[in-house]
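What follows is calculated from the coordinates using simple rules that are stated; it is not laboratory data. These numbers come from a predicted model, not from an experiment. Glycine also receives a Cβ, built like all others from the backbone with ideal geometry; neighbour counts cover every protein chain displayed.
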Amino acid sequence: MAAVSKAETNWKGGLADGQGRVHVASGAFDDFEVSWGARAERRAGATSPEELLAAAHAACFSMALSHALGQEGLPPQELDVSAEVSFQPGEGITGIELNVRGKVPGVDADGFRKAAEGAKEGCPVSKALAGTEIRLGSAELA
């Protein structure tokens, strides 16, 4: 059976002057605010769908890369992943850049980058965002 994740948002007001509260069903973190200001102007104290997407993509990519390396008999000691989602008002999400730094005994720089490229393509979040340009920026060994 498929794992199902659920989140809900209650939005009040118009786009520019309104705000919403997001609740995740798992209870993994407290409810939080979203607003147009946080999305388009990076206003402090609230998040945006793009920031949440970046968090999801960083987590998914790290799991996919860990799995890929493990399948090669090279389980990582540590992976530090960042994801940057670019949003242009009026246009939408214009791209995503993934960056990773890892401690992986037994792998060289070329092998690490190759595994990272494969993880970028195979990560379920990457697949869900197939219409968006996703770029692997840096893939470095620590």
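How much length is gained on full extension from residue 40 to residue 16, taking 0.36 nm per residue of separation minus their Cα-Cα distance?
7.7 nm
Across bins of 10 angstrom width beginning at 0, how are the C-alpha pair distances of the chain distributed, in whole percent?
Values per bin, smallest distances first: 11, 35, 31, 18, 5, 0.
Just how large is the dipole of the chain about the Cα centre, in debye to the nearest 20, putting +1 at every Lys and Arg Cβ and -1 at every Asp and Glu Cβ? Walk me through the numbers on the way to the answer.
Details: 13 positive and 20 negative charges, 41 e Å.
Magnitude of the dipole: close to 200 debye.
Between residue 33 and residue 86, what is 0.36 nm times their sequence separation minus the Cα-Cα distance? Round to one decimal in nm.
Values: separation 53, 0.36 × 53 = 19.08 nm, distance 1.98 nm.
That works out to 17.1 nm of additional length.
So what J values fall out for the stretch 122-135 if you push phi through Karplus, 6.51 cos²θ - 1.76 cosθ + 1.60 with θ = phi - 60°, rounded to Hz, Gly and Pro as x?
Result, ordered by residue: x, 4, x, 5, 4, 5, 5, 9, 4, x, 10, 5, 10, 10 Hz.
Need one number: % antiparallel among DSSP beta bridges in the chain, to the nearest 5. Please list the in-between numbers first.
Numbers: 21 of 28 bridges.
Expressed as a percentage, antiparallel bridges in the chain total about 75.
Please get the size of the charge dipole for the stretch 99-142, origin at its Cα centre, with Cβ charges of +1 on Lys and Arg and -1 on Asp and Glu, quoted in debye to the nearest 20.
Its charge dipole is roughly 120 debye.
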